[in-house]
Amino acid sequence: MALDAALLLAVSAAVCAATLSALAFSAAAAAAAACLALALGVGYSVNNKVASLVSLDVNPSVEVKINCFDRVVSAEAANNDGKIILEDMNLKNTKLDVAMNAILGSMVKHGYLNDHAGTVLVSVECADQERADKLRIQVSSRIEEDIDSLIQSGTVLSQQVQTDDDLEDLAEEFGMTQGKAALLRKIVSENPKLVYEDLAKLSMSELMDFLQQEDIDISDHVEDQIDEILDSDDDDDLDDSVDDDDQQDEDDDLDEDDSDNDDTD
């Protein structure tokens, strides 16, 4: 009898230990699953949080929203031509430079971007102004390279944009990106005789031709990528010139030291 009781006690203890072990494992597994779900949720949130908006206007108008890793969250057309460009194109999670190349290639394929219509407006909107400027330069430089490769010549204009409700309404009303709407708003504010509806119908190449005919200067509002490259080259030349002058001064000092040593001898 005592043996049976002892055996029963041992079995009960083993069952309790196994139960506790199973419970501990389940708790650990549940905790691990919760951590994994949290990590996946945070990752999903970060990957889908819009950090910047990059828009392209040729005549097709396209807006690309990207996350902090410069990957596409969404790409949307602002007009009917833009819809043709993005047709059957899934750019989500694509790197920004790859997406830009694909969009430009589609514009060339559909005849919107060519030797006679080679002006592209790049607009960047971002709360971080320093990041916005770096992104603007990066994107416009890459687009300049892509255009040279695709059609051999073209003009890339770029700007930073701060969006607001009025700008969103203006872009939606006339079927263009907020970037082009921002530029037209500046132009019309300085030239009240001009009408939004007339300007919005023009492709960027047509708009630039019109502004040239009307002797309207927009250089204070947009950056020309070619001018920026030239400015950069000028700065490099200036740095090289300063370095050459410093080297010449060092050489002159060395020659003077040698001359003094000769005189002493």
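The values are calculated or read from the model by the stated rules, or taken from the named source; none is laboratory data. Note that the coordinates shown come from a computational prediction; the quantities given were computed from them, not determined experimentally. Cβ sites come from the backbone with ideal geometry, for glycine too, and all protein chains shown count toward neighbours. When the accessible area is computed, the model is the full protein with side chains, heavy atoms only, and any ligands, DNA or RNA have been set aside. Shrake-Rupley method; radii C 1.70, N 1.55, O 1.52, S 1.80 Å.
Solvent-accessible surface of the range 130-207, taken per residue with a 1.4 Å probe and all protein chains present: 48 Å².
The HN-Hα couplings worked out from phi for the range 80-85 by the Karplus form 6.51 cos²θ - 1.76 cosθ + 1.60 (θ = phi - 60°) are 5, 5, x, 5, 5, 5 Hz, whole numbers, x standing for Gly and Pro.
For Ser52, nonlocal amide neighbours, meaning residues 5 or more places apart or on other chains whose placed amide H falls under 5 Å from its own, are Ile66.
Think of each Lys and Arg Cβ as +1 and each Asp and Glu Cβ as -1; about the Cα centre, that makes the dipole of the range 132-196 roughly 280 debye. Residue-wise HN-Hα couplings along the range 143-152, as the Karplus relation 6.51 cos²θ - 1.76 cosθ + 1.60 with θ = phi - 60° gives them from phi, are 5, 4, 5, 5, 5, 4, 6, 7, 10, 6 Hz; Gly and Pro carry x. Roughly speaking, to the nearest percent, how much of the range 85-221's 1.4 Å accessible area is carbon and sulfur? With neighbouring chains kept in place, the figure for the range 85-221 is 43 percent. Under a 5 Å amide H cut-off, with hydrogens placed 1.01 Å from N, Ser74 pairs with Lys65 among residues at least 5 apart or on other chains.
Accessible area per residue for the range 49-129, computed on protein heavy atoms with a 1.4 Å probe, is 44 Å².
Residues within the reach of a label modelled at Gln138 (point 7 angstrom out along Cα to beta-carbon, backbone nitrogen below 12 Å), restricted to the range 63-90, are 66-72. A cut-off under 12 angstrom between Cβ atoms defines the neighbours of Asp57, and their net charge, with Lys, Arg +1 and Asp, Glu -1, is -2. Within the shell of other residues whose beta carbon sits under 13 angstrom from the beta carbon of Thr94, the net charge comes to +2, with Lys and Arg scored +1 and Asp and Glu -1.
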